[in-house]
Amino acid sequence: MLIGATLPATNLHFFQARRASFRRNGSPLNPSANLVYTQTVKTEMTKKHLSNLEKLLQNQSRKSQLLDNDSRGEIHPRESRSNGSKVNRGKNLLEGLNLSRIWPEHKVAEEMSPRHLNKLKKLLSSNNIEYSPRNNLGSRWKEYHGCKDWLGLIDPLNENLRRELIRYGEFIQAAYHCFHSNPATCNEGDSRKVALPDKSYKVTKSLYATSSIGLPKWVDDVAPDLGWMTQRSSWIGYVAVCDDRSEIKRMGRRDIVIALRGTATCLEWGENFRDLLVQIPAETTETTEIESESESESSEGQAKVECGFLSLFQTAGVNVPSLAESVVNEVQRLIEQYKGESLSITVTGHSLGAALALLVADEVSTCTPDAPPVAVFSFGGPRVGNRSFADRLNSKNVKVLRIVNNQDVITRVPGMFVSEELDKKLRESGFVSGMLNVLDKSMPWAYAHVGTELRVDTRMSPFLKPDADVACCHDLEAYLHLVDGYLASNCPFRANAKRSLTKLLSEQRSNIKRLYTNKAKGLNLNLEREHSFSTHSCLPSPSS
């Protein structure tokens, strides 16, 4: 153990400040009689003191005898030479030596002991990533896909489910990177290079979202350099299908993934703020289904969703079809192509993409006869529709797992700022429940979440600051970091978390605890260089 990793050199002034009043009382580091330290020899004795302390921390000692001596305020020098059990807890020794009054930072140093420094170096190195085992899902794949609403898999979090969540989150990261590397609009049929984190999948379709609103013409005249920021249609995601036989066998089925990125353009932000609930048009359904749904909705309330989300979902561009049309046509084509195989449809998205994922799942389950199981994995998703919309998805057997950060305000909008827990309690009482049902049918902001929730917390991470800003709490990489470390509710961050910290530290450095940023500098890691990948910005999956 290096003494520099145990006692920082910056604390030497504590010894220098003691002057001649600093007396020794039977210290095990020097068994000589009590001495009065003079200013002329203090520096040399301090060095010797630190050197002996290092030897003491490396030697073996019997714990029971140490504690007995410590309770009497005596530590005999032979304890440092005894052949007992190994002293592997620097904290006990430091407390026994009563060094807390001269070194108040000892707890911090213990947190960053050489053992933890080695682990930190691994987590910060993209060339030394640990991988979780790829277990065969077999016949249980439907449980991980939500057939039982993930009962018994969330608290505590099942290892296989954790891996699936991180994998789908990395599909979203690939969508982000593809858009930011080329934000210009492409015509329908143009191919885009999407660097998928899982090479067993292949991209079959690019998806575009179009805003129904546009900026005034004078904006382009005043700021012509905005370019793609003012375009109405933008690349927002892709459809991919598993094309590797060994992976299909491992997963128990052939998986179709629809990945959608979050808000990136000015017009998409404009659509986000159009938060009034509007009824979902019924033109996409069959005539018989329209009649049956209209009868049920008239008695139980109409399914409504946010105006801006619906606009991005159903508006067609000049050269591209609407997102709704593109998704349905591609899914139907793939179902026909792989007819007779066991299939699943997984829709995943972050932020705005999480909201659109619910609309995609609703559309696919409505327009595709005999659709395979449909599941949604959303990260940091806002509320999308009213309670009738949630009931509509449940009636179609669409399974939704929402990953929510306690500190992420985006998950509590739009609508009235009422927590899901409080809303549930209010609805359990008869009188209040009746009032809330009336509000659900009449209020333009009566939003409700849908599906099962996995709740993580920024404050549980040992690396993130507990007061991390809004951007960090909503960041997708931060979400994947928290999922990778999540064990169960009210449990600490798991000690064997494997996800690399390189991308998180590069993007959220101001929200990382200073202790770790300083140690990262001390490890001489060029994070900018390690993070500059030529093909994509997503790290190789530590859960692959």
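The values are calculated or read from the model by the stated rules, or taken from the named source; none is laboratory data. Computed from a prediction, not measured in an experiment: that's the story for all the values here. Every residue, glycine among them, receives a Cβ derived from its backbone with ideal geometry; neighbour counts consider all protein chains shown. To get the accessible areas, we keep the full protein, side chains included, count just its heavy atoms, and leave off ligands, DNA and RNA. Shrake-Rupley method; radii C 1.70, N 1.55, O 1.52, S 1.80 Å.
Listed here are the residues, each with its yes/no results for (1) open to solvent by 10 Å² or more (accessible area, probe 1.4 Å); (2) under 30 Å from ARG253 (Cβ atoms); (3) at pLDDT 90 or above.
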position	(1), (2), (3)
PHE377	no, yes, yes
LYS399	yes, yes, yes
ARG402	yes, yes, yes
MET416	yes, no, no
SER419	yes, no, no
ARG427	yes, no, no
VAL432	yes, no, no
* Would you mention how many residues in region 251-273 are under 25 Å from the mean Cα position of the chain (by Cα) and closer than 30 Å to SER342 by Cβ? => 8
* Scan region 246-275 residue by residue and report those that are open to solvent by less than 30 Å² (accessible area, probe 1.4 Å) and acidic (Asp, Glu). => GLU247, ASP255, GLU268, GLU271
* Structure fact -> Checked against (1) over 17 Å from ILE236 (Cα atoms); (2) part of a loop (DSSP other than H, G, I, E, B), VAL404 satisfies every condition except (2)
* To do: Could you please find all residues in region 390-411 being in contact with a Ser or Thr (Cβ under 7 Å, 6 or more places away or on another chain) and charged (D, E, K, R)?
  => LYS396, ARG402
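Yes/no matrix, rows are residues, columns are (1) modelled with pLDDT under 85; (2) of a type in the set (D, E, K, R); (3) closer than 17 Å to PRO197 by Cα:
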{"residue": "THR502", "(1), (2), (3)": "yes, no, yes"}
{"residue": "GLN508", "(1), (2), (3)": "no, no, no"}
{"residue": "LEU515", "(1), (2), (3)": "yes, no, no"}
{"residue": "LYS521", "(1), (2), (3)": "yes, yes, no"}
{"residue": "SER534", "(1), (2), (3)": "yes, no, yes"}
{"residue": "CYS538", "(1), (2), (3)": "yes, no, yes"}
* Counted residues, region 321-356 - those being surrounded by fewer than 24 Cβ atoms within 10 Å (Cβ to Cβ) and in a loop (DSSP other than H, G, I, E, B) -> 7
* Structure fact -> Going through (1) farther than 18 Å from TYR208 by Cα; (2) under 22 Å from the mean Cα position of the chain (by Cα); (3) of a type outside the set (A, V, I, L, M) one by one, SER351 fails only at (1)
* Just checking, how many residues over region 303-316 are open to solvent by less than 20 Å² (accessible area, probe 1.4 Å) and part of a loop (DSSP other than H, G, I, E, B)? -> 1
* Test for ALA357: is it among the small types (Gly, Ala, Ser), out of contact with any helix residue (DSSP H, G or I) (no Cβ under 8 Å at 6 or more places or on another chain), at pLDDT 95 or above and closer than 27 Å to ARG250 by Cα -> yes
* Structure fact -> Those helices (runs of 4 or more DSSP H) completely within region 212-281 that have 1 or more residues that are of a type in the set (Asp, Glu) and at pLDDT below 90 are 217-222
* To do: Hey, can you tell me all the residues within region 357-372 that are of a type outside the set (S, T, N, Q) and surrounded by 19 or more Cβ atoms within 10 Å (Cβ to Cβ)?
  => ALA357, LEU358, LEU359, VAL360, ALA361, ASP362, GLU363, VAL364, CYS367, ALA371, PRO372
* Asked: Condition test on ASP484, is it on the phi < 0 side of the Ramachandran plot and open to solvent by 30 Å² or more (accessible area, probe 1.4 Å)?
  -> no
* Report yes if some residue within region 457-469 is modelled with pLDDT of 90 or more, out of contact with any Pro (no Cβ under 6 Å at 6 or more places or on another chain), surrounded by 17 or more Cβ atoms within 10 Å (Cβ to Cβ) and in a helix (DSSP H, G or I); otherwise report no. => yes
